[in-house]
Amino acid sequence: MVERTCLAIVLAAGEGTRMRSVRAKVLHQIAGQTLLAHVLTAVQEAGGSMIAVVVGPDASAVSSEATRNVPDAEIFVQKTRQGTAHAVLAAADALERGTDDVLVIFGDTPLIRPQKLRHMREALAKGAAIAVLGFRPNDPTGYGRLVLEGSELVAIREELDATPAERAIDLCNGGLMAFAGKTAMTILNRIGNDNRKGEFYLTDAIAIARAMELKAVVIETEEDDVRGINTKAQLAETEAALQQRLRKAAMDAGVTLVAPETVFLAADTTFGRDVTVEPYVVFGPGVTVEDNAVIRSFSHLDHAHVGKGALVGPYARLRPGAKLGADVHIGNFVEVKESVIEDGAKANHLAYIGDARLGAGSNFGAGSIVCNYDGAAKHRTDIGKGAFIGSNSALVAPVTIGDGAYVATGSVITHTVPSDALAIARERQVIKEGGASRIRAIKAVVKTKRGAAE
């Protein structure tokens, strides 16, 4: 397609009322991102070089989310809700600057794929004034019907206004539209509110374009692409649909998902080649897993990086800032946060590593922890190459363990351990012969006296 400029207008003024939530509808999440973030990603990938987001009044959180994802996005406020065309015209200042294509997308349609938006733009490049996204649901009841004459769209008929013949049409309006920039404002400004609700409907644009002898066309897509969200039930259904897409894409790319239906991915999860993911693993946002790594069952990863050939889990938790090198082992019930685990290092069971570096080839024993928080601030621990941290040890940060150092089991380390040194920080064991018998005898007497008193 010839390079064309594109303005994407994202309508994000919907409330969360039907979702029984004080949070704006578009700020609810699926696959680790807000609905709005999914839509903004899609329009950018479809070539939307200018993005306008239309929000409702008192929607600072929505505005912040928009600019967090697209820093140069323009925010426009629809002060009163008077229909979809009225919402688009809230961004009139952006429209009047001129552009080749105008995409109008709803902020609660997170499954829209960039390629479908590109197909709409291609239709504009071939001479259409309007391109409408349509779909064929199993049950078209309640949807507006797309009335065609040959290959051209002549009307969008709401079901209440449709004739019996029009109700028999199974091609339905998905709501998303694209306008040729040179005629967009003329069409939008001619939309009136002579209807039962007194609102300005974007669907009226088709009749207006026809009256202007302009061409309107339909781009067909799958129902999921135009799936809107108004309730928590629909949110869950959309999450499930997106997870199916993400799992299939991962497997098509060569990832082995042992039980795909039990694995939950984020929209930005990145896998290398020959990765294996066992059942019941959850990937939060910002996770990269490199070649040949294995993620075992019941592990949870969030904003973490897993190196080549690493083994994680089962029951491991990688929190934000966890960075594992090649061939690292993070075993069952091990939690890692804001830490670099260098190549070949191991923490195989029951450990916490936070705000630390675990040097290459080192071993972090079972039951050991890094004490990184003093109640007011976090402190770092540095563990050198080839060091050995014995089981049930506590490293009180800030502290450094040198290369090749050995921390004896059960130690509480509060000072630097030099390289190749042995650190023992525990009380000396004391044996008192017969002591156990004496303790039992004393306890028996106490128990008898307590029983008599009762």
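Per-residue answers, yes or no, for (1) at pLDDT 95 or above; (2) surrounded by fewer than 19 Cβ atoms within 10 Å (Cβ to Cβ); (3) assigned by TED's automatic domain parsing to the domain that holds residue 104:
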residue	(1), (2), (3)
164	no, yes, yes
170	no, yes, yes
182	yes, yes, yes
185	yes, yes, yes
188	yes, no, yes
210	no, yes, yes
253	yes, yes, no
270	yes, yes, no
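Inside region 308-339, residues that are surrounded by fewer than 19 Cβ atoms within 10 Å (Cβ to Cβ) and among the aliphatic types (A, V, I, L, M) make up a count of 1.
Just one of the listed residues (382, 420, 403) is more than 30 Å from residue 297 (Cβ to Cβ), buried (at least 18 other Cβ atoms within 10 Å of the Cβ) and charged (D, E, K, R), and it is 382. Taking region 91-102 as the range and being crowded, with 22+ Cβ neighbours inside 10 Å and more than 15 Å from residue 182 (Cβ to Cβ) as the test, only 91 passes.
Scanning region 309-331 for residues that are assigned to a strand (DSSP E or B) and more than 13 Å from residue 281 (Cα to Cα) yields a count of 6. Criterion first (closer than 23 Å to residue 105 by Cβ, outside the structural domain of residue 127 (by TED's automatic domain parsing) and of a type in the set (Ser, Thr, Tyr)) does residue 238 satisfy it? Taking the combined requirement at face value, the residue satisfies it.
Residues are listed down the side, and each one gets a yes or a no for (1) in contact with an Asp or Glu (Cβ under 9 Å, 6 or more places away or on another chain); (2) closer than 17 Å to residue 337 by Cβ; (3) among the acidic types (Asp, Glu):
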residue	(1), (2), (3)
350	no, yes, no
364	no, yes, no
376	no, no, no
382	no, yes, yes
387	yes, no, no
393	no, no, no
417	no, no, no
453	no, no, no
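For region 16-51, which positions are farther than 17 Å from residue 115 by Cα and of a type in the set (S, T, N, Q)? Of everything in region 16-51, those that are farther than 17 Å from residue 115 by Cα and of a type in the set (S, T, N, Q) turn out to be 17, 21, 29, 33, 34. Taken over region 239-297, the criterion of being closer than 20 Å to residue 113 by Cα, of a type outside the set (Val, Ile, Thr) and part of a loop (DSSP other than H, G, I, E, B) is satisfied by 253, 265, 266, 267, 268, 285. Could you say whether any residue in region 161-169 is touching a helix residue (DSSP H, G or I) at 6+ places or on another chain (Cβ under 9 Å) and not in a loop (DSSP other than H, G, I, E, B)? Looking for residues that are touching a helix residue (DSSP H, G or I) at 6+ places or on another chain (Cβ under 9 Å) and not in a loop (DSSP other than H, G, I, E, B), one finds at least one in region 161-169, hence yes.
The values are calculated or read from the model by the stated rules, or taken from the named source; none is laboratory data. Predicted model only: the values in this text are computed from it and were never measured. Neighbour counts run over all protein chains shown; Cβ positions are idealised from the backbone, glycine included.
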